[in-house]
Structure formats: C-alpha cells, structure tokens
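The values are calculated or read from the model by the stated rules, or taken from the named source; none is laboratory data. If you're wondering where the values come from, they're calculated on a predicted model, not measured in any experiment. Here the Cβ positions follow ideal geometry from the backbone for every residue, glycine too, while neighbour counts run over all protein chains shown.
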C-alpha cells in the first residue's frame, strides 16, 4: 500500500496521470489512492514533492501476481498494472483473447508463418520456465513450432514519422508530454519529420513511465499531444494527418526543391520565365538548374534565398513559413535580382514542394516584383505537384531488443536462439507482424506498429513496453537449439483451453489494423479490465 502525506501534496495530478490502474485521483487538491492500487509504487517514484511513500500493506484478499518484476497485489475484481491479469474470485485470470493466425501457411523453411501469435499469451515467469505457449502443427508436410510470450521490453523506443513540410523543431530538441521530457527530434527523412520517444535511458529517468505510456497510447491508436521544446504543439494519431500548432497539413513534399524542379520543369517552364521551388532542404531555381538548361533556359538574373550548393540548388532554412522554410511570403523568396541580366516584364513563379504555395510576379523596370493573378498554366503546375504529393500522416516504428532473459522461455541454451534468429532458421514476429532484424549482436528488431493488432502493445511500470513476441521454426530446428520439447502442445489443445480469436496476417483489415485482443462482453465481472482497455477512467468491477 502507499500513503499520501497531505501536507506535502500540491495536487499536481502527476500521480493520477501516471497511475496504470487509475487508482490515484485528486480530491480537494490532495491525492487519494483508491482500491484499484496494486502496490506498483509508480506514484512513489514520480511524485516530485515526495508526498507519497510506500508502507506495509495489511493482510487482505489481494492476490500477488508473479508474472513480472512489478509483482502487483490485486484486489478481487481489479486488474493489475499491465491491464492483462484480473483477480476473479481469488484467482488470477488472463483477460485477453488469444489471437491465432487464420491458417498458417503455405510454409517453407525460409518463410514460416506463426502457428499462434503472442497476443493474449501472458508472460513467462520465472524466466527459466518454458514460455506460456509452445505450439506445434504439421502444415504442408512441415512440422512447425511457434513459441510465444508477451515480453516486457526495457530496451525499447518509438520512432514517430510525421509526414509534413511544417517545421517541428530543431534536431535534438526535447519532446515533452505534459511538460515532461520523453524523447527528442531526430534527423529528418525524405518528406518526414522524425521523433524518438522512450529508450532505456529515458525509461530509467524520472519520466520513464510517461514515455512508456506514450508509446503504448500511440500503438493503441490513441491521440497524444506532445510539445517540442522551442517548437510547436503536436497532436498525433496513428494513421491520421498531424495537427501542428492547430494547422493540419494536407500533403507531404513530393521531393526537395531541386527534385521537384527536375520532375516538373516542363510544367513550370509553361508558367513563367523563372520558377523558384521553396524547400527547407534544397530550394530550386529553374533557369540555373540542369532541368532548366535541358529545356533551353538561361539564368534569369534572379537569386533565391539560401546558400548556394550547386547550380540551381540552394540550401534552405527550416522555419514556420512557406513550405516549411523561414520565408514568410512569396516575394521574400528572392534574395536579389541582377538587373544587368534580368529584363523588364519577365515573370517569376514561386511555389513549394507540396504545391501549397502559388504566387506569380512580373518584374518592373525598377527591379521590383509586381504580383499577378494566377494563370491556368500556374494552376495546372500546382495541381500536378499536389497530385504527386502523398497525404500527410503519422506512422510509427517500434524498435526494441528481446535479447534478455525471456529467451530462456524458448530454449535451455539462449545463445542458440540468437544464432538461429540471425541465421534465418528462426523467424521473429510481433503480434504476427513481420519485423526487420538489426544486424550484429542481440536480437533487436523494428516493426511497423500499424501491422500489429490494436491494443497488443502495452506498458508496465518497471517502466517498459510490453509486446507480443513469436519465434517460429521447424521442429527440427527447435530440437537443435535445445528448446523445451517437453512443453510442446498442439494448436487444437490451445483452442480447446482458451478463448481465441482468429486473424489473417496476410489480409489485414482495411485500415491496416487487426482486431483488438480485448474480450468484449464475455463476463460482466471483468468489466473493469474492459473499461481499462478502452481507455476510459473507470476501473471498478460492475458486479
């Protein structure tokens, strides 16, 4: 149990935000810990006022869970910190549907589909005991074995990919949730801003639980609000367009300014004598660009903003202006005009790499730019650029290592599992989804979380990420790596024992996310867990 010292508590609500079971809440500006408390002591660790402390719990009807290091003590009718185990009549029940592949196969020794997924499987504890499910099935004449578990991952992080031209912050800037640093801005990728959330060093810090909870929220399809230090406020939801300081971008860039010129130079030439394509990476100048020269153009005398890189290419600068640059209005895209080369009456078209900027100018005798109405050719050029730009959206990759003690649940000789995974004899998947395996030591993977069943990736207050892991191989390979052959069982025996739900990993749902493993309407006495899983704030059983 935990005790709140009211005289120290400031009612900051940090404990209520971080509590995995919803036991902590604020009453009269003071924290109150309710019956749902499982003694995970996360509130003790995160309280900045040191107003909450652990105490010896009195004897009660709570059941101690030994499924992971947190060792929750769960009162009847309540769920543990991982939201997977519920105390039902003094007995812990795993309130998760076990997800199965529709029919594994066709199989070959080089591409094995899992016989069963790890979603809803539960956790191996203690580590040296066999995994919760070690299932074999003969398919296409091949004896296939899949070993599954829901594994706490201390070494895990989320790579958030935000497709947009809009500036989101300087590289290295801290990313915060509720004012607490949980990650940073990474190097951009083509047309995308990259954010890193979590990681072992962040998990070990004061705000590790916030990072772990954020990863779980994103993977579960919930909207999260983040703030970049010195940058904008981001509202991100998997699969949707981001909202950046209230602005929802329609498109990501089709390419850098130079690439956009290279692809669409014929359209731009029809618009004006000169064209500038703004971009925070490389701004392009049509007449000087190789594409413009190929069309017979000569330099116009116009110089765009930026530092010259190579002919027709100028390093841009990121900002909150047009096309994600620091240029706030189209006329300012021009740094200078050499009137010894430029001529009166020549026209200039300014756009950006997503076609969201469109301005047409005519040069006066005084060397000034006079804005004109857009022509049909200008609108056509913008439409072509927009038509080739993809929709702005948020996606995410989970990167984590599974080289820890959970390997003992697969084999009596863990190093053999490492070797077999890297040699390709054992296929690693996450919730049935394919992964990219990083080379080198350990077993570190990257998975597209939109291919993982919704609700399958959670978190625990160690803190860390909780993910379903499958190792699939031939029975011959399993014997060779000294697996727990004595624990082999048939798929049929599992379906007879557990409530299962079938998914087809080859044909995901239309939105790219398979069904949630949360049980719906099975047992009224487990409504606490169902409500928890749905992201609401109630946690007490309705009996």
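Would you call residue 292 assigned by TED's automatic domain parsing to the domain that holds residue 382, touching a helix residue (DSSP H, G or I) at 6+ places or on another chain (Cβ under 7 Å), farther than 17 Å from residue 386 by Cβ and in contact (Cβ under 8 Å) with a residue 24 or more places away in the chain?
Answer is yes for this residue.
Answer yes or no as to whether residue 216 is closer than 19 Å to residue 161 by Cβ and touching a residue at least 12 places away in the same chain (Cβ under 8 Å). Taking the combined requirement at face value, the residue satisfies it. Collect the residues in the range 71-82 that are crowded, with 23+ Cβ neighbours inside 10 Å, in contact (Cβ under 8 Å) with a residue 40 or more places away in the chain and part of a loop (DSSP other than H, G, I, E, B), keeping them in residue-number order. Those that are crowded, with 23+ Cβ neighbours inside 10 Å, in contact (Cβ under 8 Å) with a residue 40 or more places away in the chain and part of a loop (DSSP other than H, G, I, E, B): 78, 80, 81, 82.
Once the range 468-520 is narrowed to residues that are at pLDDT below 55 and closer than 21 Å to residue 138 by Cβ, the residue that is surrounded by the fewest Cβ atoms within 10 Å (Cβ to Cβ) is 506.
Of everything in the range 250-278 that is assigned to a loop (DSSP other than H, G, I, E, B) and over 32 Å from the mean Cα position of the chain (by Cα), the residue that is surrounded by the fewest Cβ atoms within 10 Å (Cβ to Cβ) is 273. Taking the numbered list (1) surrounded by fewer than 18 Cβ atoms within 10 Å (Cβ to Cβ); (2) on the phi < 0 side of the Ramachandran plot in turn, residue 345 passes all entries but (2).
Given the options 135, 175, 119, name the one that is buried (at least 22 other Cβ atoms within 10 Å of the Cβ), within 30 Å of residue 99 (Cβ to Cβ) and modelled with pLDDT of 95 or more. One residue alone meets the criteria, 135. Looking across 313, 380, 340, one residue alone is surrounded by fewer than 18 Cβ atoms within 10 Å (Cβ to Cβ), under 28 Å from residue 251 (Cα atoms) and either in contact (Cβ under 8 Å) with a residue 12 or more places away in the chain or in contact with a helix residue (DSSP H, G or I) (Cβ under 7 Å, 6 or more places away or on another chain) (or both). It is 380.
Summed over the range 403-449, residues that are in a strand (DSSP E or B), under 24 Å from residue 486 (Cβ atoms) and touching a helix residue (DSSP H, G or I) at 6+ places or on another chain (Cβ under 6 Å) total 2.
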